[in-house]
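A.B. asks: Before I ask anything, let me first share the structure, which is written out below as structure tokens.
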Amino acid sequence: MTARGDSASQTGAVVTRFAPSPTGLLHAGHAVAAIESHDRARRVGGRFLLRIEDIDGARSRAEHVAGILADLQWLGLAWDGEVVFQSARMPIYAAALDRLRARGLVYPCFCTRAEIAREVAASASAPHGVDGVVYPGTCRHIAPDIAAARLGEPHAWRIDMARAVALAGPLAWHDEIAGRVVADPLAQGDVVLARKDAGTSYHLAVTLDDAAQGVSHVVRGVDLFAATHVHRLLQALLDLPVPVWRHHPLLLGPDGQRLAKRNGSPTLAGLRAAGVDGRAFADYLRDGTLPIGFARANA
Ligand code: GLU
């Protein structure tokens, strides 16, 4: 059987984006994502966009937004057009959630993290997906009238994945590095589409925004590969255009661990403050020949 997405033909200009969350300082791994995305567009005269993923009001900081802009300028990566802020687009995410709710494809989830952890610990298997441990489906079994009566309690909205997959039918997508990929969103379980604290989730916001901004090539780290199974499904459910993906290898530290602030990778702000030449640093990253003891490797 053929799956929708097999013939995703890309005509017209290439549009890519860098979409950081302003919840901390950027490090060399972020620089790779920005460079990959920027260069993919610029190589063919395309557009490179910047989107600030600040749906997490509690953790997003204006000073981190300013830091991101300064880091990109330091790396010599100019973006096109206005910077888009997800925090300004909440009504759009809410409207999409409404559409899915009207079709019975999402349900409210009242579980706390601790309750989910307890339930998972008590079950024989604990499969993992893009958002960590796969949700065991507890609240999917609450009768609709009971759930409706509880909507005054804190709740997230989760996709009823089995139902959504059955409705959408087989799907596939194209990755410039991995090739044709058959979408398997079911393995990700009932992921959250609207967080308790945010009114949307990464999956819903990113999918809607990439479509709204006309992103033709979603360039991001291979650590987000599994998320694409979910995003491809959301595109089908919400009648959105299907881009091409390019999940690039991650930059790993000398210990083989993914670079992150918590394992001491230098921040771009730190390198900047130390007088490192940002454009030269970006060229090192492009070559995969990193200056100081980093190694590039496939994740
Ligand atoms: N905001 C996400 C992050 O900072 C990236 C989103 C994406 O590229 O799809 O990890």
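A.B. asks: Can you say whether LEU238 is over 18 Å from GLU53 (Cβ atoms) and away from the ligand (no atom under 14 Å from the Cβ), as far as the supplied structure shows?
C.D. replies: yes
A.B. asks: Go over the candidates HIS155, HIS128 one by one and state the one that is open to solvent by 80 Å² or more (accessible area, probe 1.4 Å) and not small (Gly, Ala, Ser).
C.D. replies: Only one candidate qualifies: HIS128.
A.B. asks: Now for a separate question. As an exercise: evaluate ALA78 against (1) in a helix (DSSP H, G or I); (2) under 27 Å from VAL32 (Cα atoms) and give the number of the one condition it does not meet.
C.D. replies: (1)
A.B. asks: With out of contact with any helix residue (DSSP H, G or I) (no Cβ under 6 Å at 6 or more places or on another chain), at pLDDT below 95, assigned to a helix (DSSP H, G or I) and among the hydrophobic types (A, V, I, L, M, F, W, C) as the only criterion, which of ALA95, ALA117, ALA66 stands out?
C.D. replies: ALA117
A.B. asks: I'm trying to understand the selection: among the residues of the range 15-53, which are within 13 Å of the ligand (Cβ to nearest atom) and in a loop (DSSP other than H, G, I, E, B)?
C.D. replies: Scanning the range 15-53 gives ALA19, PRO20, SER21, PRO22, THR23, GLY24, LEU25, LEU26, GLU53.
A.B. asks: Here are some conditions: (1) surrounded by fewer than 20 Cβ atoms within 10 Å (Cβ to Cβ); (2) in contact with a Leu (Cβ under 8 Å, 6 or more places away or on another chain). ILE116 meets all but one. Which one does it not meet?
C.D. replies: For ILE116, the exception is condition (2).
A.B. asks: Right, next: Return the pairs, sorted by first residue and then second, in which the second residue is hydroxyl-bearing (Ser, Thr, Tyr) and in a loop (DSSP other than H, G, I, E, B), the first residue lies in the range 39-60 and is closer than 10 Å to GLN86 by Cα and in contact (Cβ under 8 Å) with a residue 60 or more places away in the chain, the beta carbons are less than 6 Å apart, and the residues are 6+ apart or on different chains.
C.D. replies: GLU53/SER21; ILE55/THR200
A.B. asks: Looking at ALA205, ALA172, ALA147, which is the one that is within 13 Å of the ligand (Cβ to nearest atom) and either in contact with a Pro (Cβ under 6 Å, 6 or more places away or on another chain) or open to solvent by less than 10 Å² (accessible area, probe 1.4 Å) (or both)?
C.D. replies: None of the other options fit; the residue is ALA205.
A.B. asks: Go through the range 175-202 and give me each residue that's under 21 Å from HIS128 (Cα atoms), part of a loop (DSSP other than H, G, I, E, B) and within 13 Å of the ligand (Cβ to nearest atom).
C.D. replies: Within the range 175-202, SER201 is the sole residue that qualifies.
The values are calculated or read from the model by the stated rules, or taken from the named source; none is laboratory data. As the structure is a computational prediction, the values presented were derived from the model and not from experiment. Please note: Cβ atoms are built from the backbone with ideal geometry, for glycine as well, and neighbour counts cover all protein chains shown. To get the accessible areas, we keep the full protein, side chains included, count just its heavy atoms, and leave off ligands, DNA and RNA. Shrake-Rupley method; radii C 1.70, N 1.55, O 1.52, S 1.80 Å.
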